[in-house]
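K.L.:
What follows is a single structure, and I will ask about it in a moment.
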């Protein structure tokens, strides 16, 4: 099985919480590593025990896969992922080609967590910061990309103030998006 087929088979096992499949893809060795946050698991056994206790990984979509091949027998695969809540993450794996095929010798998982309450955006800069003004359609080249709109452009349901508090106070909410905003959406 080639490297990409092995990677996608691992992803299917992860999505299904197939513990036997996950055990298969991790190299059965005492120095196999898996790291996430400040936790490093060392050995195939420690990794398998962790997976049995966690109850599955959060659902996510692999958006991009990058591969570097330092040698014929070793590949570094980094996947950019997105969870259903919009959280993005990275998964980097060192795959080693063995007599049994490709296996993961080391893995590191990271996710960008939601901002802590103390990390709230500055209200002097962001008029609305606690959620999207408009939900993504999930389609097109900008699907799931967050963007900000300066209040020079009409956003349906919002007032245009051009950065001027006096103008903002007298402005009425717009009934439709500006053409530029509509096209971005």
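K.L.:
All but one of (1) touching a helix residue (DSSP H, G or I) at 6+ places or on another chain (Cβ under 6 Å); (2) free of Cβ contacts under 8 Å to residues at least 40 places away in the same chain hold for residue 75; which doesn't?
P.N.:
All conditions pass for residue 75, except number (2).
K.L.:
Restricting region 110-124 to residues that are assigned to a loop (DSSP other than H, G, I, E, B) and more than 30 Å from residue 10 (Cβ to Cβ), which is modelled with the lowest pLDDT?
P.N.:
Out of the qualifying residues, it is 115.
K.L.:
So, in region 165-185, how many residues would count as being part of a loop (DSSP other than H, G, I, E, B), more than 33 Å from the chain's Cα centre (by Cα) and exposed (fewer than 12 other Cβ atoms within 10 Å of the Cβ)?
P.N.:
3
K.L.:
Could you list, in sequence order, all residues of region 29-73 that are surrounded by 15 or more Cβ atoms within 10 Å (Cβ to Cβ), under 20 Å from residue 100 (Cβ atoms) and in contact with a strand residue (DSSP E or B) (Cβ under 6 Å, 6 or more places away or on another chain)?
P.N.:
32, 33, 34, 44, 47, listed by residue number.
K.L.:
Give the residue that is farthest from the chain's Cα centre (by Cα), with candidates limited to residues of region 74-105 that are in a loop (DSSP other than H, G, I, E, B) and closer than 17 Å to residue 24 by Cβ.
P.N.:
99
K.L.:
When both residues are 6+ apart or on different chains and their Cβ atoms are under 8 Å apart, which pairs have a first residue that lies in region 98-109 and is assigned by TED's automatic domain parsing to the domain that holds residue 38 and within 11 Å of residue 9 (Cβ to Cβ), and a second that is assigned to a strand (DSSP E or B) and at pLDDT 95 or above?
P.N.:
102/75; 102/95; 102/96
The values are calculated or read from the model by the stated rules, or taken from the named source; none is laboratory data. Just so it is clear, the model here is predicted, and its values are computed rather than measured. As a convention, Cβ positions derive from the backbone with ideal geometry for all residues, glycine included, and neighbour counts pool all protein chains shown.
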